[in-house]
Amino acid sequence: MVDIEKIEKRTVQSFYSDGLAEIAIGLIFLLLGGYFFAQAVVPEGSALGSALSVLFVLVIVSSGFLVSRILRFLKRRITYPRTGYVAFKKKELSPKRRVATMIIGGIIGGSLAALYGLSPSLKTLFPALNGILFAIAVLLFANKVGLIRFYILAAVSAVIGFAVTAAGVGDTKGISLYWGLFGAAVIISGLASLAIYLRKSARADRENPDAV
Amino acid sequence: MPSDLRGLADIDRLIHEPARLALAAILSVVESADFLYLQRETGLTKGNLSSHLAKLEEAGYIAIEKTYRGRIPLTLVRLTDAGAAAYRAYRARFKKFLEKTG
């Protein structure tokens, strides 16, 4: 009997089989780490410091745009000639889910701000909190996709967060170190997946037209 | 006919065939996929895949677009609205049948 759910899940997993998405996302995280590091070393109140604060959204948006272009280029060169072209549906969040996401984000952000207001020393815990929150997000994603390596990355996120906090690097430098290390971990995971993918998938003979 | 089996009598036989069901399941989660991708995912031969795709296209369940990416021929396949509705109906009916029969 055909296991429909397994086929649907395997199809979704196939997008991540080449590891390229992880490499691209890992690069964004590294960039984010670099951004926080710059914020940590640039003196507060300086013109460059103010510019960095303003540039945050621009950094995120432009890196997302750039990385998606690179990802598409790499998919075209590496994946499609080997395992074929596939375009996935772009899922728009329903208004209900969008509101729920905003409320949850607001609660988390508000709670963190309130905690910080009660005790500024909690700032030192930011890398650990960052690690846990992101671990939860990766865990939810891993559950949806069903790939073991994403569960491992979720655990890695929490471990890095705690390790950076335990090392006492500081808040902004700690956050930058967290994103740098986690970005590197995601890239390593992507490169390992890419190596396995390339070993398993030979380029298909595309000279012969498809027969339909 | 026993009531348990009545649900199966009017099941969409075009989709019920294992290879076509696998194709519909794949296409239900993607916007479009090419011939090579479908062949790799289903493990069907070129001839078999062509024949199943032709049947689904004839029923109006899929749309096939022949194009080129550079100089490379590309056959893009996507589930039509009718195909998506038929797949959803099949899935729901079969799930109901399995629940009934345990």
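The values are calculated or read from the model by the stated rules, or taken from the named source; none is laboratory data. Computed from a predicted model, the values in this text were never measured in an experiment. Cβ placement follows ideal geometry from the backbone for every residue including glycine, while neighbour counts extend to all protein chains displayed. Just the protein is used for accessible areas: all its heavy atoms, side chains included, with ligands, DNA and RNA removed. Shrake-Rupley method; radii C 1.70, N 1.55, O 1.52, S 1.80 Å.
Tell me which of A:Phe134, A:Leu112, A:Phe65 sits at the most positive position along the dipole axis of region A:57-192, charges placed on C-beta atoms (Lys, Arg +1; Asp, Glu -1). The one lying farthest along the dipole's positive direction is A:Phe65.
Hey, which of these cross-link pairs are over 25 Å Cα-Cα: A:Lys90/B:Lys46; A:Lys9/B:Lys95; A:Lys90/B:Lys96; A:Lys200/B:Lys55; A:Lys6/A:Lys89; A:Lys144/B:Lys55?
Working: A:Lys90/B:Lys46 29 Å; A:Lys9/B:Lys95 17 Å; A:Lys90/B:Lys96 29 Å; A:Lys200/B:Lys55 32 Å; A:Lys6/A:Lys89 18 Å; A:Lys144/B:Lys55 32 Å.
Over 25 Å apart, Cα to Cα: A:Lys90/B:Lys46; A:Lys90/B:Lys96; A:Lys200/B:Lys55; A:Lys144/B:Lys55.
Please compute the Kirkwood hydrodynamic radius of the protein assembly as shown from all pairs of different C-alpha atoms, in Å with one decimal. Answer for the protein assembly as shown: a Kirkwood hydrodynamic radius of 22.7 Å.
Tell me, what % of the accessible area of region A:21-95 is carbon and sulfur with a 1.4 angstrom probe? Before the final figure, lay out each step's value.
Numbers: 3310 of 4690 Å².
Carbon and sulfur: 71 percent of the exposed surface of region A:21-95.
If you roll a 1.4 angstrom probe over the protein chains with everything in place, what fraction of the accessible area of region A:153-195 belongs to carbon and sulfur, to the nearest %?
Values: 1300 of 1640 Å².
Of all accessible area on region A:153-195, carbon and sulfur atoms account for 79 percent.
Ranking B:Gly70, B:Thr45, B:Ala92 by Cα position along the charge dipole of region B:3-101, where only Lys, Arg, Asp and Glu carry charges on their C-beta atoms, puts B:Thr45 farthest toward the positive end.
Considering only trypsin sites (Lys or Arg not before Pro) in DSSP loops that have at most 14 other Cβ atoms within 10 Å, the longest stretch of chain A without any of them is A:92-202. For the pair region A:32-55 / region A:120-193, the C-alpha centres are spaced 22 Å from each other. For region B:23-96, the Stokes-Einstein estimate of translational diffusion at 25 °C and a viscosity of 0.890 mPa s comes to 192 µm²/s, using the Kirkwood hydrodynamic radius over alpha-carbon pairs. Using Cβ point charges alone (K and R +1, D and E -1), the dipole size of region B:6-47 about the Cα centre works out to roughly 160 debye.
Comparing the full protein assembly with the isolated chain (1.4 Å probe, heavy atoms, ligands and nucleic acids excluded), the residues of region B:57-86 losing at least 50 square angstrom of accessible area are B:Arg69, B:Pro73.
Round to the nearest 10 and give me the degree value, 0 to 90, for the angle of helix B:46-58's Cα axis relative to the longest principal axis of chain B. Helix B:46-58 sits roughly 70 degrees off the main axis of chain B. Counting only protein heavy atoms and a 1.4 Å probe, tell me what percentage of region B:3-101's accessible area is made up of carbon and sulfur. Summing carbon and sulfur atoms, their accessible area is 51 percent of the total for region B:3-101. Over the protein assembly as shown, accessible surface divided per residue gives 58 Å², non-protein components excluded, 1.4 Å probe.
Contact residues in region A:1-33 (at least 10 Å² less accessible area with all protein chains than alone, 1.4 Å probe): A:Met1, A:Val2, A:Ile4, A:Glu5, A:Ile7, A:Glu8, A:Arg10, A:Thr11, A:Val12, A:Ser14.
Helices that extend 24 Å or more along their long axis by alpha-carbon positions and average at least 0.5 on the Kyte-Doolittle scale are, among the DSSP H runs of chain A, A:20-41, A:47-74, A:95-118, A:126-145, A:148-167, A:171-200. Pairing chain B with chain A buries about 2800 Å² of accessible area. This figure sums both sides and uses a 1.4 Å probe.
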